[in-house]
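K.L.:
This is the structure I want to talk about, given as structure tokens.
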Amino acid sequence: MIPVPTVVVVMGVSGSGKSTVGRLLAQRLAVPFLEADDVHPAANRAKMAGGHPLDDEDRRPWLSSIADWIRDELDAGRGGVVACSALKHEYRRLFLGAGAGVWFLYLELDQGMADRRVAGRADHFMPARLVASQYATLEPLRPDEPGLTVDAMTDPQTIVDQAVRAVRETG
């Protein structure tokens, strides 16, 4: 187990493996998992599917709902894992404001690989042509933010092992 309660935000651009790593990490830690894509309002999904990047106004209600989930999990003493792009420092500050115990796992991936991974996905609302907009928005994890940056090309189980060790060391 990790220090209770902790919510790990698995962050990065589309195609970095957030969902895969997040699900594995939640299973390993025996905590609830939230796929942030599942709570996007329909208008956001339609905008992205139409090839238009989201702006901060589009993201605001989505980010607030994720922060609410984080707060609920921390308040309930369960902790959890959420897969969310969390591209900007200000978005991560919103999550940190949800309560003590928020920790970030940044899956760092070069743009060429993200382009290839997203282009190869079926049945996802995020088109490959929007990957560049995510890199334009991306503010990598800062040294003063609690968390760990890992190479997204690493095997997901290895990433989970690294994250569990790092969270335990910080708790």
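K.L.:
Considering only region 15-45, state which residues are of a type in the set (A, V, I, L, M), more than 20 Å from Gln162 (Cβ to Cβ), assigned to a helix (DSSP H, G or I) and in contact (Cβ under 8 Å) with a residue 40 or more places away in the chain. Walk me through how you get there before you give the answer.
P.N.:
If we filter region 15-45 for residues that are of a type in the set (A, V, I, L, M), which is where we start, we get 21, 24-26, 29-31, 34, 36, 39, 42-43.
If we keep only those that are more than 20 Å from Gln162 (Cβ to Cβ) too, we end up with 34, 36, 39, 42-43.
From what is left, the residues that are assigned to a helix (DSSP H, G or I) are 36, 39, 42-43.
Within region 15-45, Ala36 is the sole residue that qualifies.
K.L.:
Looking at region 98-120, which of its residues are out of contact with any helix residue (DSSP H, G or I) (no Cβ under 7 Å at 6 or more places or on another chain) and modelled with pLDDT of 95 or more? Give the derivation first.
P.N.:
If we filter region 98-120 for residues that are out of contact with any helix residue (DSSP H, G or I) (no Cβ under 7 Å at 6 or more places or on another chain), which is where we start, we get 100, 106, 108-110, 112-113, 116-117, 120.
Selection gives Tyr106 alone.
K.L.:
Can you tell me which residue in region 14-50 is surrounded by the most Cβ atoms within 10 Å (Cβ to Cβ), limited to those that are basic (Lys, Arg) and over 16 Å from the mean Cα position of the chain (by Cα)?
P.N.:
Step one: filter region 14-50 for residues basic (Lys, Arg), giving 18, 23, 28, 45, 47.
In the following step, the residues that additionally are over 16 Å from the mean Cα position of the chain (by Cα) were identified as 28, 45, 47.
Values: Arg28: 16, Arg45: 15, Lys47: 18.
Per the criteria, the residue is Lys47.
K.L.:
Of the numbered conditions (1) free of Cβ contacts under 8 Å to residues at least 24 places away in the same chain; (2) crowded, with 23+ Cβ neighbours inside 10 Å; (3) not hydroxyl-bearing (Ser, Thr, Tyr), Leu54 satisfies every one except a single condition; which is it?
P.N.:
The failed condition is (2).
K.L.:
For residues that are out of contact with any helix residue (DSSP H, G or I) (no Cβ under 7 Å at 6 or more places or on another chain) and among the basic types (Lys, Arg), tally how many sit in region 33-58.
P.N.:
Of the residues in that region, 1 qualify.
K.L.:
Something else about it: Given the options Thr158, Thr170, name the one that is under 22 Å from Leu74 (Cβ atoms) and either at pLDDT below 95 or of a type in the set (S, T, N, Q) (or both).
P.N.:
Numbers: Thr158 fails: under 22 Å from Leu74 (Cβ atoms).
Just a single option satisfies the conditions, and that option is Thr170.
K.L.:
For region 47-103: of the residues being of a type in the set (A, V, I, L, M) and part of a loop (DSSP other than H, G, I, E, B), which is farthest from Gly22 (Cα to Cα)?
P.N.:
We begin by selecting, within region 47-103, every residue of a type in the set (A, V, I, L, M); these are 48-49, 54, 63, 66-67, 70, 74, 76, 81-83, 86-87, 94, 96, 98, 100, 102.
With the extra rule that they be part of a loop (DSSP other than H, G, I, E, B), the set shrinks to 54, 76, 86-87, 98, 100.
Numbers: Leu54: 23, Ala76: 20, Ala86: 14, Leu87: 16, Ala98: 19, Ala100: 20 Å.
Checking each candidate, the answer is Leu54.
K.L.:
Here is a list of conditions, (1) modelled with pLDDT under 65; (2) acidic (Asp, Glu); (3) within 13 Å of Val13 (Cα to Cα), and Asp123 meets all of them except one; can you say which number that is?
P.N.:
Among (1) modelled with pLDDT under 65; (2) acidic (Asp, Glu); (3) within 13 Å of Val13 (Cα to Cα), the lone unmet condition for Asp123 is (3).
K.L.:
Let me ask something else. Please verify whether Phe104 is in contact (Cβ under 8 Å) with a residue 12 or more places away in the chain, of a type in the set (Phe, Trp, Tyr) and touching a Lys or Arg at 6+ places or on another chain (Cβ under 7 Å), treating the condition exactly as stated. It would help to see each step written out before you state the result.
P.N.:
Working: in contact (Cβ under 8 Å) with a residue 12 or more places away in the chain: yes; of a type in the set (Phe, Trp, Tyr): yes; touching a Lys or Arg at 6+ places or on another chain (Cβ under 7 Å): yes.
When the stated conditions are applied, Phe104 passes them.
The values are calculated or read from the model by the stated rules, or taken from the named source; none is laboratory data. Note that this is a predicted model, so its numbers are computed, not measured. All Cβ positions, even for glycine, are placed from backbone atoms using ideal geometry, and neighbour counts span all protein chains on display.
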